Amino acid sequence: MSNELTKEQLRHKMDDLTNQLMSTEDASELWGLSQGYIKNLCNQGGVIAHKVGRSWLLLRDQPNPKQG
């Protein structure tokens, strides 16, 4: 028996991961903050985020920084 995942299992896993993430644009809409402000928070470590190329990916379930 192999420990490798099937393509369908990998797709499901990828969907689960992407549903946990949001862009700075999504965060701006969700949190009611400007996209530029959110990018500054990403750069300064004010939110949990990871830079991929020129874009930031943020965890969707973290608290709104304007409430904290």
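Okay, residues lined up against (1) in a helix (DSSP H, G or I); (2) surrounded by fewer than 14 Cβ atoms within 10 Å (Cβ to Cβ):
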position: E4; (1), (2): no, yes
position: R11; (1), (2): yes, yes
position: D15; (1), (2): yes, yes
position: D26; (1), (2): yes, no
position: L33; (1), (2): no, no
position: N43; (1), (2): yes, yes
position: H50; (1), (2): no, yes
position: L57; (1), (2): no, no
position: P63; (1), (2): no, yes
Candidates L17, L21, L30, L58 - the one that is within 14 Å of the chain's Cα centre (by Cα) and modelled with pLDDT under 95: L17
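The values are calculated or read from the model by the stated rules, or taken from the named source; none is laboratory data. Just so you know, these numbers come straight off a predicted model, no measurement behind them. Backbone-built Cβ (ideal geometry, glycine too); neighbour counts: all protein chains shown.
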